[in-house]
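> My questions all concern the structure below.
The values are calculated or read from the model by the stated rules, or taken from the named source; none is laboratory data. For clarity, every value in this text was computed on a predicted model and none was experimentally measured. Don't worry about glycine lacking a Cβ; one is built from the backbone with ideal geometry, like all the others, and counts go over all protein chains shown. With ligands, DNA and RNA removed, areas are computed over all heavy atoms of the protein, side chains included. Shrake-Rupley method; radii C 1.70, N 1.55, O 1.52, S 1.80 Å.
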Amino acid sequence: MKTAVQIREEFQAFFESKGHTRVQSAPLLPQDDPTLLFTNAGMNQFKDVFLGTGRRPYSRAVDTQKCLRVSGKHNDLEEVGFSPNHHTFFEMLGNWSFGDYFKEEAIAWAWELLTDVWQLPKDRMWATVFGGDEKDGLEADVEAEKLWTRVTDLPANRVLRLGKEDNFWEMGSTGPCGPCSEIHFYLGDDPTKQDAVPDLDSADYVEIWNLVFIQYNRDADGVLHPLPDQHVDTGMGFERICSILQGVQTTYDTDVFLPIIGAISEITRKPYNKDHQVPIRVIADHVRTLAFAIADGVLPSNEGRGYVLRRILRRAARFGRSLGMHEPFIFRLVETVVREMRVAFPEVKEKSDHITRVIRSEEEGFGKTLDRGLEIFEAMQAKGHISGTDAFQLYDTYGFPIDLTRLMAAEKGIEVDEEGFEAQMAEQQERSRLAASFHFQVSEPEVTHIPKSKFVGYETLISDSRIVGQSEQDGMLNLYLDITPFYAESGGQVGDKGEIVGEGVRFEVETTFKAGEAIVHRGRLCDGQVEELKGMEVNARVDAEIRLNTARNHTATHLMHRALRQVLGDHVHQAGSLVAPNRLRFDFTHFEGVTPTQLDDIVGIVNDAVRRDWAVDISFEKLDRAVEMGAMMLFSEKYGDVVRMVQVEDFSLELCGGTHVQSTGQIGLFQLTQETGTAAGVRRIEAVTGPGAEALVREQKKILVNLASQLSAPTSELSDKVAHLIAHNRELERELQSLRREQAGSEMDMLVSSALNVNGLRVVAAEVSPPDMDGFRTMGDGLRDALGTGGVGVIGANLNGKASLLAVVTDDLIGRGVQAGNVVKAIAQIVGGGGGGRPHLAQAGGKFPEKIGEALARVPDIIRAQVEG
């Protein structure tokens, strides 16, 4: 039996023998498509080639692509565990032709691999081709139909024509598209009993390979036009072909999943049988998704990609409860995932500690509320349905995503009011003025016909260039040059600023960025006319001071990255960055705040590297060689076969395309401005260098001098002086609180002395004037002490324009049916609010402070009703 490792390798080796270049899987975070949450198909990384905005140094490619389908129309989340073959994370094997070979080779090679190399039985194979579409005026793909019988052994009666929905692939409503040909495999017991026209959607058949022939472009009006270059884009589900080649019924029974399933059974002590099959499958699938997404830079959060990841983890944790797991355990499965996948995807091994920490932290956080949330759900479902309010409470208070609530409700056979839930979500978003979580906007000029710009900015800041294109957008002018020294925003570094000048023309460049292979110089025309620009010979000049300050910050970022790993540990990896001329920002993986001592150590290490004035060397190496040398790299980035390395002695080595100083001494000085947390497991450091660091030191010195003057102490004694003042202030606060308590006690004694007698109980209901909420609560404690036994007290106050109510009941009355929570709830309605609490103490608030007196006047009647009831 072939192993998954062999199958993956044989696929890629086969196409390498046909002249294909083996390429690296793109990261799960799409780099060039902000409308896409995750990479969900093999074609994503080649979209620019199909659109005509990008090129590759090869015309044939083969890869295995990491994919996630957990959102939008490609969402398999709720099928996972219940379906034998659906997954959130999967691999897509693919081979590609960019204007090279076309249908004949694609079909012949697919058949050769399946039947000659992998020896799959030919009598179980079926092929489908595009059957035409009247609306688009397209005839059936007769070419592909004939090729199947000419270049393969497949008989004509097993080549079926299907409609546009099944056999015509489109990237979107516009853009490259074309007919496709799918290969299906019969799973039944007896291939001689197949129908003449089988139902390919039945359980007896499975699609194993889709060959897409990209030969048209659909314009904005929906009209199809032949492409000048024809492409091939194929996709084969790796896990699915493994199940066929290994002769098992489901993908979960392959050696892709069995080691993980075995680890789950061992940890949970639950066998992988019918009773536990679904939860074990869900967890096995989800831990792979978590491991790969976290390795590529996604972190659990409450929005966007992070929320998708959080939903998946919490779904897995809930299924863990059904296996009796009430302590974090999913993180323990990371070791198995890494062991099985590290050869094909070394990033999971590189980031294994980080992945484990993130998952464990999330499990611990959610575990605190999961069990309580499950108890609340059980009480809610007893009504026979889950209301929108219930679902929102589970989400807002206990962290249950709506799909988790839907799943649990389905298990109970009850419905969830999802419309009501969405309405409450919308109200919350409006109150907090949050934008929709999955909103993205593309603002990029159309550059399909603009030629690639040659970048010379590593060598020079000035170049003689020619304007080859222009466009206007958002009130700004975009210029495109054939040659440019301007660095385009990339890798966290901002784009260059400067000017472009020609005869009678001066253009101020405010920012520079990439659009496809073009470099866009966006800014304002200060002199000259727009219509004169096209084809003009110009001089492009980068602002040298801004470039140098940016370079200082970029090199300092590399030094700081190394210092962070030295001080905090090798689990630290870059999670994001900003390199600007006036500051730098660096996000990194770490699960606790960095202590002041550690921050001092980091600053010291960086400034020591600055003082040593080490040379910053730039070189180019093959990617494999760079990895062998230990170069730091971002697995969320796409790298070519040859990469640019930035090395600082033996101290730092990173893959980087940014601009840097020639030696570390040019940085001048490095100073941190702040360290904060940005998400679970991610910290952020902001810093300045060079002139910015000098300005910071001057400002800090100015503050110290002013403080020294105000406190009449030398700067060396400021710390002790401030500590003394703080201690003295705390002592005064304690004395003030003591006086307030005494005053409140006296005031409450006076109120108790004039208490009403209600059915033999002493009842106090009065409006008071505390200084703040703490003082209000102190009065409540004092009132309860003053009542002693046999008493009920309610006080009200106008605090910050809102009504506040507080009720107390002495212990001896609680057993007689008098409860503070019931009292305060009844009168809170009068002031336009609500509240509750414990039997002896409860609090409420409302929006109508002018009705406090009316509410307090009702207290005796409410107490009487409770006692008599």
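> Conditions first: (1) crowded, with 19+ Cβ neighbours inside 10 Å; (2) within 31 Å of the chain's Cα centre (by Cα). VAL661 passes all but one, so which condition is the exception?
Tallying (1) crowded, with 19+ Cβ neighbours inside 10 Å; (2) within 31 Å of the chain's Cα centre (by Cα), VAL661 fails exactly one: (2).
> Okay, next question. Confirm whether GLU104 is charged (D, E, K, R), over 22 Å from VAL206 (Cβ atoms), modelled with pLDDT of 95 or more and over 38 Å from the mean Cα position of the chain (by Cα). Before the answer, list the steps.
On the way: charged (D, E, K, R): yes; over 22 Å from VAL206 (Cβ atoms): yes; modelled with pLDDT of 95 or more: yes; over 38 Å from the mean Cα position of the chain (by Cα): yes.
It is true that GLU104 is charged (D, E, K, R), over 22 Å from VAL206 (Cβ atoms), modelled with pLDDT of 95 or more and over 38 Å from the mean Cα position of the chain (by Cα).
> How do the pairs read when you match residues in the range 220-231 that are open to solvent by less than 70 Å² (accessible area, probe 1.4 Å) with residues anywhere that are charged (D, E, K, R), using Cβ under 8 Å and keeping only pairs 6 or more apart or on different chains?
Final answer for the pair search is LEU224/ASP136; LEU224/ARG218.
> Considering only the range 293-309, how many residues are assigned to a helix (DSSP H, G or I) and buried (at least 21 other Cβ atoms within 10 Å of the Cβ)? Spell out how you get there, then give the answer.
Taking the range 293-309 and keeping what is assigned to a helix (DSSP H, G or I), we get 293-295, 304-309.
Filter once more, so that each one left must be buried (at least 21 other Cβ atoms within 10 Å of the Cβ): 293-295, 305, 308-309.
Residues in the range 293-309 being assigned to a helix (DSSP H, G or I) and buried (at least 21 other Cβ atoms within 10 Å of the Cβ): 6 in total.
> Of everything in the range 244-267, what is open to solvent by less than 10 Å² (accessible area, probe 1.4 Å) and not in a loop (DSSP other than H, G, I, E, B)? Give them in sequence order.
THR251, TYR252, ILE260, ILE261, ILE264
> Taking the condition surrounded by 17 or more Cβ atoms within 10 Å (Cβ to Cβ), of a type in the set (Gly, Ala, Ser), more than 19 Å from VAL232 (Cβ to Cβ) and free of Cβ contacts under 8 Å to residues at least 60 places away in the same chain, does GLY132 pass? Full working, then the answer.
Working: surrounded by 17 or more Cβ atoms within 10 Å (Cβ to Cβ): yes; of a type in the set (Gly, Ala, Ser): yes; more than 19 Å from VAL232 (Cβ to Cβ): yes; free of Cβ contacts under 8 Å to residues at least 60 places away in the same chain: yes.
Spelling it out, GLY132 is indeed surrounded by 17 or more Cβ atoms within 10 Å (Cβ to Cβ), of a type in the set (Gly, Ala, Ser), more than 19 Å from VAL232 (Cβ to Cβ) and free of Cβ contacts under 8 Å to residues at least 60 places away in the same chain.
> Mind listing whichever residues of the range 572-592 are more than 18 Å from GLN671 (Cα to Cα) and either among the small types (Gly, Ala, Ser) or open to solvent by less than 20 Å² (accessible area, probe 1.4 Å) (or both)?
At the first step, the residues of the range 572-592 found to be more than 18 Å from GLN671 (Cα to Cα) are 572-576, 589-592.
If the condition is that a residue be more than 18 Å from GLN671 (Cα to Cα) and either among the small types (Gly, Ala, Ser) or open to solvent by less than 20 Å² (accessible area, probe 1.4 Å) (or both), then VAL572, HIS573, ALA575, GLY576, THR589, HIS590 are the ones that fit.
> Within the range 95-109, which residues are among the hydrophobic types (A, V, I, L, M, F, W, C) and under 18 Å from MET43 (Cα atoms)?
TRP96, PHE98, PHE102, ALA106
> Show me the helices (runs of 4 or more DSSP H) found entirely inside the range 336-403 where at least 3 residues are surrounded by 22 or more Cβ atoms within 10 Å (Cβ to Cβ).
Correct list: 352-381, 388-398.
> A follow-up question, please. Looking at (1) buried (at least 21 other Cβ atoms within 10 Å of the Cβ); (2) touching a Phe, Trp or Tyr at 6+ places or on another chain (Cβ under 9 Å); (3) assigned to a strand (DSSP E or B), which one does ARG524 not meet, given that it meets all the others?
With (1) buried (at least 21 other Cβ atoms within 10 Å of the Cβ); (2) touching a Phe, Trp or Tyr at 6+ places or on another chain (Cβ under 9 Å); (3) assigned to a strand (DSSP E or B) applied to ARG524, the lone miss is (1).
> Now a separate question. Could you say which residue among GLU699, GLU733 is under 30 Å from THR778 (Cβ atoms), of a type outside the set (Phe, Trp, Tyr) and open to solvent by less than 100 Å² (accessible area, probe 1.4 Å)? Working first, answer last.
Working: GLU699 fails: under 30 Å from THR778 (Cβ atoms).
One residue alone meets the criteria, GLU733.
> Give me the residue from the range 496-521 that is open to solvent by less than 10 Å² (accessible area, probe 1.4 Å) and farther than 14 Å from LEU477 by Cα and, out of that set, modelled with the lowest pLDDT.
ALA515
> Okay, next question. Provide a single number: the residues in the range 78-96 that are touching a helix residue (DSSP H, G or I) at 6+ places or on another chain (Cβ under 7 Å) and among the hydroxyl-bearing types (Ser, Thr, Tyr).
So the answer is 1.
> Confirm whether VAL758 is aliphatic (A, V, I, L, M), open to solvent by less than 20 Å² (accessible area, probe 1.4 Å) and without any contact (Cβ under 8 Å) to a residue 60 or more places away in the chain. Lay out the reasoning, then the answer.
On the way: aliphatic (A, V, I, L, M): yes; open to solvent by less than 20 Å² (accessible area, probe 1.4 Å): yes; without any contact (Cβ under 8 Å) to a residue 60 or more places away in the chain: no.
So VAL758 fails the test.
> Right, something else. Considering only the range 772-784, state which residues are surrounded by fewer than 16 Cβ atoms within 10 Å (Cβ to Cβ), assigned to a helix (DSSP H, G or I) and in contact (Cβ under 8 Å) with a residue 12 or more places away in the chain. Steps first, please.
From the range 772-784, those surrounded by fewer than 16 Cβ atoms within 10 Å (Cβ to Cβ) are 772-774; that's our starting set.
When the remaining residues are screened for being assigned to a helix (DSSP H, G or I), the result is 773-774.
The answer is MET773, and nothing else.
> Please determine whether any residue of the range 287-299 is under 27 Å from ALA203 (Cα atoms) and either charged (D, E, K, R) or touching a strand residue (DSSP E or B) at 6+ places or on another chain (Cβ under 7 Å) (or both).
yes
> What strands (runs of 3 or more DSSP E), lying completely within the range 658-768, carry at least 2 residues that are within 30 Å of PHE513 (Cα to Cα) and of a type outside the set (Val, Ile, Thr)? So that I can check it myself, show each step before the final result.
On the way: elements: 670-679, 682-689, 756-758, 761-767.
Counting at least 2 such residues, we get 670-679, 682-689.
> OK, next. Looking at this structure, is ILE312 at pLDDT 95 or above, buried (at least 20 other Cβ atoms within 10 Å of the Cβ) and under 23 Å from PHE82 (Cα atoms)?
Details: at pLDDT 95 or above: no; buried (at least 20 other Cβ atoms within 10 Å of the Cβ): yes; under 23 Å from PHE82 (Cα atoms): yes.
Judged against the criteria, ILE312 is not a match.
> Of all residues in the range 788-823, how many are over 15 Å from VAL768 (Cβ atoms), outside any loop (DSSP other than H, G, I, E, B) and open to solvent by less than 30 Å² (accessible area, probe 1.4 Å)?
Total satisfying the criteria: 7.
> Give the residues of the range 232-243 that are open to solvent by less than 40 Å² (accessible area, probe 1.4 Å) and of a type in the set (D, E, K, R), sorted by residue number. So that I can check it myself, show each step before the final result.
As a first pass, look at the range 232-243 and keep what is open to solvent by less than 40 Å² (accessible area, probe 1.4 Å): 232-239, 241-243.
Of everything in the range 232-243, those that are open to solvent by less than 40 Å² (accessible area, probe 1.4 Å) and of a type in the set (D, E, K, R) turn out to be ASP233, GLU239.
> Select from the range 537-556 the residues that are assigned to a helix (DSSP H, G or I) and free of Cβ contacts under 8 Å to residues at least 60 places away in the same chain and list them in ascending order.
To start, the set of residues in the range 537-556 that are assigned to a helix (DSSP H, G or I) comprises 544-556.
The answer is GLU545, ILE546.
> Does at least one position in the range 601-608 carry a residue that is part of a loop (DSSP other than H, G, I, E, B), out of contact with any strand residue (DSSP E or B) (no Cβ under 7 Å at 6 or more places or on another chain) and open to solvent by 40 Å² or more (accessible area, probe 1.4 Å)?
First, the residues of the range 601-608 that are part of a loop (DSSP other than H, G, I, E, B): none.
Taking every residue of the range 601-608 in turn, none turns out to be part of a loop (DSSP other than H, G, I, E, B), out of contact with any strand residue (DSSP E or B) (no Cβ under 7 Å at 6 or more places or on another chain) and open to solvent by 40 Å² or more (accessible area, probe 1.4 Å).
> Filter the range 135-154 for residues that are under 30 Å from GLN12 (Cβ atoms), open to solvent by 30 Å² or more (accessible area, probe 1.4 Å) and part of a loop (DSSP other than H, G, I, E, B) and give the result.
Across the range 135-154, the qualifying residue is only ASP153.
> Residue check, ASP116 against (1) in a helix (DSSP H, G or I); (2) open to solvent by 60 Å² or more (accessible area, probe 1.4 Å); (3) more than 25 Å from GLN65 (Cα to Cα), all met but one. Which one?
Of (1) in a helix (DSSP H, G or I); (2) open to solvent by 60 Å² or more (accessible area, probe 1.4 Å); (3) more than 25 Å from GLN65 (Cα to Cα), only one is false for ASP116: (3).
> Still on this structure, I have one more. Within the bounds of the range 619-629, is there any residue that is out of contact with any Phe, Trp or Tyr (no Cβ under 6 Å at 6 or more places or on another chain), surrounded by fewer than 19 Cβ atoms within 10 Å (Cβ to Cβ), part of a helix (DSSP H, G or I) and among the aliphatic types (A, V, I, L, M)?
Just the residues of the range 619-629 that are out of contact with any Phe, Trp or Tyr (no Cβ under 6 Å at 6 or more places or on another chain), to begin with: 619-622, 624-629.
Now restrict to residues that are surrounded by fewer than 19 Cβ atoms within 10 Å (Cβ to Cβ): 619-622, 624-625, 627-629.
Filter again for part of a helix (DSSP H, G or I), leaving 624-625, 627-628.
The next check asks that each one be among the aliphatic types (A, V, I, L, M); those that pass are 627.
Within the range 619-629, one or more residues are out of contact with any Phe, Trp or Tyr (no Cβ under 6 Å at 6 or more places or on another chain), surrounded by fewer than 19 Cβ atoms within 10 Å (Cβ to Cβ), part of a helix (DSSP H, G or I) and among the aliphatic types (A, V, I, L, M).
> I'd like to verify a number: residues in the range 484-498 that are farther than 11 Å from VAL509 by Cα, touching a residue at least 40 places away in the same chain (Cβ under 8 Å) and either assigned to a strand (DSSP E or B) or of a type outside the set (Val, Ile, Thr) (or both), how many? Walk me through how you get there before you give the answer.
Narrowing the range 484-498 to residues farther than 11 Å from VAL509 by Cα: 484-485, 487-494.
Retained after the next criterion (residues that are touching a residue at least 40 places away in the same chain (Cβ under 8 Å)): 484-485, 487, 490-494.
Restricting the remaining residues to those that are either assigned to a strand (DSSP E or B) or of a type outside the set (Val, Ile, Thr) (or both) gives 484-485, 487, 490-493.
So the count comes out to 7.
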